[in-house]
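The values are calculated or read from the model by the stated rules, or taken from the named source; none is laboratory data. Note that the coordinates shown come from a computational prediction; the quantities given were computed from them, not determined experimentally. All Cβ positions, glycine included, derive from the backbone under ideal geometry; neighbour counts span all protein chains shown.
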Amino acid sequence: MTNADIKTWVERIRAGDVRAVARAISAIEDSTTESTELLKALFPLSGKARVIGLTGAPGAGKSTLVDQLAREYRKSEKTVGIVAVDPTSPYTGGAILGDRIRMQAHHADTGIYIRSMATRGFLGGLARTTADVATALDASGKDVVLVETVGVGQDEIDIVRLAEVTVVILVPGMGDDVQSIKAGIMEIADIFVINKSDRDGADNVEKEIRMMQSLAMRKDAWMPSIVRTVATDGKGIPELAAAIEEYEKHLDKSGLRQKKNVNSWRERLVEMLRESLLQKLTRESLSEEQLNGYATEVAEHRRDPYTLVDEIIANFRKK
């Protein structure tokens with residue numbers, strides 16, 4: 001693909017051409033040869049959208065909440081991109097849940113673009129290319145990008161590297177109390193949502209969150225809001241949108257937005273370098289056959305993995 005082709009493609013994306021956006025996301029997901037050049041062209045056009053991450057255990061009602069939050073933003077004529085990260089099918093490798101069965105009421109609204117992504121075995125609640133897809137939607141002119149994670153529970157903390165605002169969703173009566181998920185995911189919340197708050201136990205969940213907050217003060221001096229919602233009825237959604245806006249004002253007032261972005265990009269750059277170097281290593285110095293041979297030797301205790309890794313890296317440096 002020539003530079004002129006990339007330029008035309010980018011222009012179509014900027015104009016909101018749904019097919020061009022869909023094609024771009026597919027290329028990014030599949031890591032095609034043109035995807036890197038496309039992202040290089042799109043990145044300078046990004047950085048304007050508010051990226052909001054919504055995470056929580058399976059069954060917390062994340063999809064319904066995202067749907068209602070998108071509706072709320074559309075009331076003020078903001079354009080919305082939705083990235084819904086789904087579990088990977090063991091049969092096809094694709095997303096088990098797709099946009100065809102999600103949020104179907106938005107299909108006629110050109111101000112909303114919805115994309116489901118499969119994790120493809122990637123841990124941490126996101127797919128490997130979720131951040132790049134968010135960049136593409138940002139560059140396409142979306143005002144807000146909502147990223148719904150897969151719902152893997154306690155280890156689902158990668159969203160904090162991508163989103164400016166992280167919303168953690170809890171539900172009464174599902175074991176989502178502070179004691180059961182106190183590590184990791186509870187510490188990344190900028191806003192807590194108690195969804196399905198019409199159920200018994202909502203008061204207990206809120207009390208436990210407040211107890212946790214009283215024990216540890218965040219470095220940024222922000223006290224995460226607690227918003228009660230019943231997403232199926234749209235209750236509490238305006239309050240959630242207001243809480244998100246309040247946190248963003250705090251970031252700007254305290255000067256923490258830039259610092260947060262720098263820290264996030266530092267981690268993402270390390271991850272990108274790790275992935276790029278691994279691809280270069282396996283492409284130039286380590287074939288699949290060699291890797292299988294090494295794995296057999298280590299499994300049979302004929303070689304130790306630590307010396308082996310040192311040797312592989314040393315040989316790679318000589319090339």
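Report whether or not Leu65 is part of a strand (DSSP E or B), in contact with a helix residue (DSSP H, G or I) (Cβ under 8 Å, 6 or more places away or on another chain), closer than 15 Å to Val167 by Cα and modelled with pLDDT of 70 or more. Here the answer is no, as Leu65 does not meet what is asked. Residues considered: Val298, Val227, Val270. Of these, the only one that is β-branched (Val, Ile, Thr), part of a helix (DSSP H, G or I) and closer than 30 Å to Thr135 by Cβ is Val270. Residue selection: Leu278 fails the criterion of being exposed (fewer than 15 other Cβ atoms within 10 Å of the Cβ) and at pLDDT 90 or above. The number of residues in the range 247-267 that are acidic (Asp, Glu) and loosely packed, with under 15 Cβ neighbours inside 10 Å comes to 2. The set of residues in the range 64-83 being among the hydroxyl-bearing types (Ser, Thr, Tyr) and without any contact (Cβ under 8 Å) to a residue 12 or more places away in the chain consists of Ser76 alone.
This table checks each residue for (1) small (Gly, Ala, Ser); (2) loosely packed, with under 14 Cβ neighbours inside 10 Å; (3) outside the structural domain of Gly53 (by TED's automatic domain parsing).
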| residue | (1), (2), (3) |
| --- | --- |
| Ala242 | yes, yes, no |
| Ser285 | yes, no, yes |
| Glu289 | no, yes, yes |
| Asn292 | no, yes, yes |
| Glu300 | no, yes, yes |
| Asp304 | no, yes, yes |
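Filtering Glu311, Glu246, Glu289, Glu275 for residues that are closer than 29 Å to Thr64 by Cα and out of contact with any helix residue (DSSP H, G or I) (no Cβ under 8 Å at 6 or more places or on another chain) leaves a single hit, Glu246.
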